[in-house]
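Colleague: Encoded as structure tokens, here's the structure I'll be asking about.
Values in this text are rule-based calculations from the coordinates and carry no lab data. In this text, all values refer to a predicted model and were calculated from it rather than measured experimentally. A quick note on method: Cβ atoms are made from the backbone with ideal geometry, for glycine too, and the neighbour counts reach across all protein chains shown.
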Amino acid sequence: MAGISTHVLDIANGKPGSGMRIEFSILENGEYRLIKTVRTNQEGRTDEPILRPEEAKAGQYELLFHVDEYYDGLKGKLSDPPFVDQVPVRFTVFDATQHFHVPMICTPWNCTTYRGS
């Protein structure tokens, strides 16, 4: 199955990152153009794929994870300004027939991503 998907894990609290805002953009003419904004559900996943298989095409994309808003909404004691704020993840879809899963693992102090399955 082709397309793009994501999910968020909050390892500081040991739970899915539910309610995180994510902006999805494509690189066109040297600039990123916003395609859509989504929020993660209770499982830390989006209700629909970020990009459906039938819409998939090769290109450069960005997922912008609003980590600062997420942790601010939990009302924990964080630094002001936050150490991690908005985290852009830029990646290339080189084969539109493949599925690209781009998860975010985060805390208020670090984050990581990888190409999942």
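Colleague: Loop-only trypsin sites (Lys or Arg not before Pro) in the stretch 1-110, please: DSSP not H, G, I, E or B, and at most 13 other Cβ atoms within 10 Å.
Modeller: Counting only loop positions with at most 13 other Cβ atoms within 10 Å, the trypsin sites (Lys or Arg not before Pro) in the stretch 1-110 are Lys57, Lys75, Lys77.
Colleague: Taking loop as defined by DSSP and a crowding limit of 11 other beta carbons within 10 Å, which chymotrypsin sites (Phe, Trp or Tyr not before Pro) in the stretch 61-108 fit?
Modeller: Loop-located and lightly packed - Phe94.
Colleague: Now, a different point. Of all the Cα-Cα pairs you can form in the chain, what percent are over 17 Å apart? Each step should come with its number before you reach the end.
Modeller: On the way: 3590 of 6786 pairs.
I get 53 percent for the Cα pairs in the chain exceeding 17 Å.
Colleague: Name the residue farthest towards the positive end of the dipole of the chain from the options Leu27, Gly14, Thr46, assuming +1 on Cβ of Lys and Arg, -1 on Cβ of Asp and Glu, about the Cα centre.
Modeller: The one lying farthest along the dipole's positive direction is Gly14.
Colleague: What full-extension length gain, to one decimal in nm, is calculated for Ala12 and Leu34 as 0.36 nm per residue of separation minus the Cα-Cα distance?
Modeller: Details: separation 22, 0.36 × 22 = 7.92 nm, distance 2.93 nm.
Additional length available on full extension: 5.0 nm.
Colleague: With labels modelled as points extended 7 Å from the Cα through the Cβ direction, what inter-label distance (nm, one decimal) is found for Asn41 paired with Leu27?
Modeller: 3.2
Colleague: Ranking Asp47, Asp68, Asp10 by Cβ neighbours within 10 Å, fewest first, what do you get?
Modeller: Final ranking by Cβ density, sparse to dense: Asp47, Asp68, Asp10.
Colleague: Looking at the chain as a GNM with Cα springs under 10 Å, which of Pro16, Pro103, Pro49 has the largest mean-square fluctuation?
Modeller: Pro49
Colleague: Place a +1 charge on the Cβ of each Lys and Arg in the chain and a -1 charge on the Cβ of each Asp and Glu, then give the dipole magnitude about the Cα centre in debye, rounded to the nearest 20. Write out the running numbers ahead of the final one.
Modeller: Numbers: 12 positive and 16 negative charges, 44 e Å.
The calculated dipole for the chain is roughly 220 debye.
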